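Peer 1: Here it is, the structure, as structure tokens.
The values are calculated or read from the model by the stated rules, or taken from the named source; none is laboratory data. Nothing here was measured: the structure is a model prediction, and the numbers come from that model. Positions of Cβ are backbone-derived with ideal geometry, glycine not excepted, and every protein chain shown enters the neighbour counts.
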Amino acid sequence: MQIPHSRLRFGKPFEQAAQQVIQSGFLAQGDVTTALTQTLQAQLSGQAVLAVDSGTSALMLAIRALSKGKKHPRVGIPAYACASLLFAVKNAGGIPVLMDCNANLTLDAKQARNTAKDLDVLVLVHPFGMIEPLVAEHFDCPVIEDIAQSAGAIWHEKAVGTFADVCIGSFYATKPWGGAYGGFISSKDEFLIKSITKMTNPDHAELQQDYVGHHQLSNIHAALAQVRLDHAVAEQQQRQIWAAKYDKILVNYTSVTPITGIQGNTFRYIIRSEKTAEDMIQILQQLGINAMRPVQQPLHHAISDANCPQADEAWQYCVSLPLLHDMNEQEFSLLQQGLATCFKP
Ligand SMILES: Cc1ncc(COP(=O)(O)O)c(C=O)c1O
């Protein structure tokens, strides 16, 4: 038996949604994309929404729009995060400024507040299904709230994605709102969303514009994301049930602790141990459990003089366990066995 790190089962509703689009003959951007943006608008307290081709594009476009004509804006991003963030900043012509994490894998708040004083744009990521509490604070520079991994979470009775100036998200398959590929940008500022829309279609662009690319979301991708969104709450509830079971197992082992930030949508289950991530992954994978590092590499390694010791430590000692909404009892006992093999004294 193999337990994958994430699993998408494309059943009947996905087949039907894709088939309907194919039969309509309109595969590129159209009515289904518009319907998806309306669903998102309802989820995000009525903000203006633009669907785009990926979360990385969403971030790159938002940075361009917020950096107010600066050719090389200084953009703050977390060091312990997905590489897409680094490339979005570079693709926007920006200078990435890396910020370290704390033990909960959210940002080191004091350092982030200090760093933000010298930024043109700050990207705050709700990481791994948790909440980044800094979104509730005021910063002098514009803030982008990244909900790619924590989509659907509510904090202080507000949907995540409605705290900052601009929100971005992803419809990549493994994400909580994932279909196949795609992303979105939202904001209370309709004018900003209109100005970003102008960057997404070369066929309708003014030739003087600095940047335009093909960044529209197709009907076919929108249809898949829409079906996933329809199932997102149920999936989140199932993950919560499994996560509570994992909690119960782990209290038995003193050498390992789950990461306990503010829980958002229970997207990932991350543990920190005295064992190295490499050792844990090897032991679990030998049993067929596809545990992974939460991030492939800390992003400050791309910058020669950047120093983020907590991100390095998280990379050394943190592992993401498979947390599947449709896990079965057999898979759960294998996971239980794997944790015992890894952590029993
Ligand atoms: C936090 C975060 N933001 C943005 C992205 C980029 O999204 P996409 O894969 O749709 O480009 C990712 C992707 O892994 C992510 O984890």
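Peer 1: Would you tally the residues in region 67-84 being within 16 Å of the ligand (Cβ to nearest atom) and either part of a loop (DSSP other than H, G, I, E, B) or surrounded by fewer than 24 Cβ atoms within 10 Å (Cβ to Cβ) (or both)?
Peer 2: Filtering region 67-84 down to residues within 16 Å of the ligand (Cβ to nearest atom) leaves 75-84.
Imposing the further condition that a residue be either part of a loop (DSSP other than H, G, I, E, B) or surrounded by fewer than 24 Cβ atoms within 10 Å (Cβ to Cβ) (or both) reduces the set to 79-84.
Final tally of qualifying residues: 6.
Peer 1: While we're on this one: Scan region 243-259 residue by residue and report those that are β-branched (Val, Ile, Thr) and under 22 Å from MET327 (Cα atoms).
Peer 2: Looking only at region 243-259, we keep the residues that are β-branched (Val, Ile, Thr), and these are 249, 251, 254, 256-257, 259.
If the condition is that a residue be β-branched (Val, Ile, Thr) and under 22 Å from MET327 (Cα atoms), then ILE249, VAL251, THR257, ILE259 are the ones that fit.
Peer 1: Something else: Test GLY46 against the criterion of being surrounded by fewer than 17 Cβ atoms within 10 Å (Cβ to Cβ) and either within 16 Å of the ligand (Cβ to nearest atom) or of a type in the set (Gly, Ala, Ser) (or both), and give yes or no.
Peer 2: Values: surrounded by fewer than 17 Cβ atoms within 10 Å (Cβ to Cβ): yes; either within 16 Å of the ligand (Cβ to nearest atom) or of a type in the set (Gly, Ala, Ser) (or both): yes.
Yes, satisfied.
Peer 1: So, one more: Which of the residues that make up region 314-330 are part of a helix (DSSP H, G or I) and more than 16 Å from LYS248 (Cα to Cα)? Show your work before the answer.
Peer 2: Looking only at region 314-330, we keep the residues that are part of a helix (DSSP H, G or I), and these are 314-317, 329-330.
Result: ALA314, TRP315, GLN316, TYR317, GLN330.
Peer 1: Another question, if that's okay. Specify which of the listed residues (SER54, SER24) is surrounded by fewer than 23 Cβ atoms within 10 Å (Cβ to Cβ) and within 16 Å of the ligand (Cβ to nearest atom).
Peer 2: Working: SER24 fails: within 16 Å of the ligand (Cβ to nearest atom).
Being surrounded by fewer than 23 Cβ atoms within 10 Å (Cβ to Cβ) and within 16 Å of the ligand (Cβ to nearest atom) holds for just one of SER54, SER24, which is SER54.
Peer 1: I'd like to check which strands (runs of 3 or more DSSP E) are fully inside region 118-216 and have at least 1 residues that are more than 15 Å from the ligand (Cβ to nearest atom).
Peer 2: Values: elements: 121-125, 143-146, 166-170, 183-187.
Those strands (runs of 3 or more DSSP E) span 183-187.
Peer 1: Hey, can you tell me all the residues within region 36-62 that are over 19 Å from GLU190 (Cβ atoms) and hydrophobic (A, V, I, L, M, F, W, C)? Lay out the reasoning, then the answer.
Peer 2: Going residue by residue through region 36-62, those that are over 19 Å from GLU190 (Cβ atoms) are 53-57, 59-60.
Matches in region 36-62: LEU59, MET60.
Peer 1: Suppose the filter is closer than 22 Å to LEU66 by Cα, modelled with pLDDT under 95 and not acidic (Asp, Glu); does HIS204 pass it?
Peer 2: On the way: closer than 22 Å to LEU66 by Cα: yes; modelled with pLDDT under 95: yes; not acidic (Asp, Glu): yes.
Taking the combined requirement at face value, the residue satisfies it.
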